[in-house]
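The values are calculated or read from the model by the stated rules, or taken from the named source; none is laboratory data. Just so you know, these numbers come straight off a predicted model, no measurement behind them. Glycine also receives a Cβ, built like all others from the backbone with ideal geometry; neighbour counts cover every protein chain displayed.
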Amino acid sequence: MTFIPSAPTASIRPVHGGNLAWAAAIANCSPDSLVDFSASINPLGPPESVTLAMAEALGQLCHYPDPDYAALRCALADYHQVPADWVLPGNGAAELLTWAARDLAEGAAVGCHLLTPAFGDYGRALAAFGVPIQPWPLSLGEMTGDGSLLNAIAWPEVEAAGILINNPHNPTGRLFSIDSLKPLLDRADTVIVDEAFMDFVLPDQQQSLIGELDRYPNLVVLRSLTKFYTLPGLRIGYALGHPDRLHRWQRWRDPWPVNALAAAAAIAAVQDEPFQTRTWDWLPPVRTALFEGLQAMPGLRPLAGTANFLLVKTTIPAPILQEKLLRSHRVLIRDCMSFPELGADYFRVAVRTTSENERLLTALGQAIAV
């Protein structure tokens, strides 16, 4: 029997993408019948190497994981060319954001500049520890063709206890250069840079601050394996930073935050160079085709981006458009109601396969025409 969520589920608007149960209740269908553009997940995965590694790790389920995660930390350290004690695996980047917020709360001066619009978990984590937020609005003006406005942002002039930023930026997809970010490292006690989408940037164009870690003990870089390797259900991420800070985070949290299957999957993922290359070859042309298809539609203005998603300005309120797509086409887009700076004027879509993107464009065209 196919399970269809009951109507009350649909009344609670989600604050994250990927809530298929909520969307299926509106579409009156099984969650498996939906094409999900609301969660920015690589449609090419998970890699076969990852599923094989997890199968081989099933025998480890009768044992507790290594509390130090030595093999996982070494694999991640080798991938990023840093010492192993500069790596802290976590139960997704969301768990590590919690400890980043606690770190900010326990600093000598409390407060955090938060680049807005911002991923919702930033506000959650900071509010949980009472960290005052100083919003730092990002202009949503025109971006260059590759989605970059490198060195073209007015960083805050005042000193701050903390700064929290993601690069590429979510939800705009904007990419900031290393040189444009470096001044921030001299202005704050702690700088948290979430690079959850950096893997999607071509290797010769990436602007990661990981190479600056040894010069800036106040810097922490967060990474996620969820999106690039298609592992949202596994919950695996990691922090890179000075060992003294990471040891402090380790003391705060529960033991064994990463399960044995997730650890095995992460090791296999970062070593799978063919999958990485396949993704880098796939994304740019497919993203360009989706951008151009959206750009050609009346009432829609996509913003160029460097990640695997596109933010789109719409003259039709996004929640109305979202409901039309669900009810008539079983296509789920991400409205931006959880971003106060965006609201009903924007929606976000993941870049998926060519056929799925064409289905989205067809559905949008029909929804706009009605």
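Listed here are the residues, each with its yes/no results for (1) closer than 13 Å to G45 by Cα; (2) touching a strand residue (DSSP E or B) at 6+ places or on another chain (Cβ under 7 Å).
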site	(1), (2)
L225	yes, yes
P232	yes, no
G241	no, yes
D244	no, no
R253	no, no
W256	no, no
A262	no, no
A269	yes, no
T279	yes, no
### Task
With the condition kept exactly as written, say whether any residue in the range 190-212 is in a loop (DSSP other than H, G, I, E, B), in contact with an Asp or Glu (Cβ under 9 Å, 6 or more places away or on another chain) and over 29 Å from V50 (Cβ atoms).
no
### Task
Taking L222 as the residue in question, decide whether it is more than 30 Å from L58 (Cβ to Cβ) and among the hydrophobic types (A, V, I, L, M, F, W, C).
no
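For a quick check of your reading: which strands (runs of 3 or more DSSP E) sit entirely within the range 41-160 and have at least 3 residues that are modelled with pLDDT under 95?
Values: elements: 87-90, 112-116, 133-137.
Of the strands (runs of 3 or more DSSP E) lying wholly inside the range 41-160, those with at least 3 residues that are modelled with pLDDT under 95 span 112-116, 133-137.
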### Query
Which of the residues belonging to the range 4-37 are under 22 Å from T172 (Cα atoms) and either at pLDDT 95 or above or assigned to a helix (DSSP H, G or I) (or both)?
F37
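Can you go through A118, A100, A53 and tell me which one is out of contact with any helix residue (DSSP H, G or I) (no Cβ under 8 Å at 6 or more places or on another chain), surrounded by 20 or more Cβ atoms within 10 Å (Cβ to Cβ) and of a type in the set (A, V, I, L, M)? Don't jump to the end; show me each part of the working.
On the way: A100 fails: out of contact with any helix residue (DSSP H, G or I) (no Cβ under 8 Å at 6 or more places or on another chain); A53 fails: out of contact with any helix residue (DSSP H, G or I) (no Cβ under 8 Å at 6 or more places or on another chain).
Just a single option satisfies the conditions, and that option is A118.
From the list V258, V221, exactly one residue is over 18 Å from E48 (Cβ atoms) and without any contact (Cβ under 8 Å) to a residue 60 or more places away in the chain. Which is it? Don't jump to the end; show me each part of the working.
Details: V258 fails: without any contact (Cβ under 8 Å) to a residue 60 or more places away in the chain.
Just a single option satisfies the conditions, and that option is V221.
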### Message
Here is a check on your reading of the model: is T279 out of contact with any Lys or Arg (no Cβ under 6 Å at 6 or more places or on another chain) and either surrounded by fewer than 18 Cβ atoms within 10 Å (Cβ to Cβ) or not β-branched (V, I, T) (or both)?
### Response
no
### Query
Just wondering, is there one or more residues in the range 42-57 that are of a type in the set (A, V, I, L, M) and without any contact (Cβ under 8 Å) to a residue 40 or more places away in the chain?
yes
### Query
Tell me, which residue of the range 184-217 that is at pLDDT 95 or above and of a type in the set (S, T, N, Q) is farthest from P83 (Cα to Cα)?
Q205
### Message
Taking the condition of being within 24 Å of F228 (Cβ to Cβ) and out of contact with any helix residue (DSSP H, G or I) (no Cβ under 7 Å at 6 or more places or on another chain), how many residues in the range 319-370 meet it?
### Response
11
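So which residues in the range 238-256 are out of contact with any Leu (no Cβ under 8 Å at 6 or more places or on another chain) and part of a helix (DSSP H, G or I)? Break it down into steps so the answer makes sense when it comes.
Quick first cut of the range 238-256, residues out of contact with any Leu (no Cβ under 8 Å at 6 or more places or on another chain) only: 243-245, 247-248, 251-256.
Residues satisfying the conditions are P243, D244, R245, H247, R248, R251, W252.
So which strands (runs of 3 or more DSSP E) are wholly in the range 257-360 and hold at least 2 residues that are under 17 Å from the mean Cα position of the chain (by Cα)? Quick ask: steps written out before the conclusion?
Values: elements: 300-303, 309-314, 334-336, 343-350.
Answer list for the range 257-360: 309-314, 334-336, 343-350.
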#### Entry: Scan of the range 200-256 for residues that are under 21 Å from the mean Cα position of the chain (by Cα) and among the acidic types (D, E), ordered by number
D204
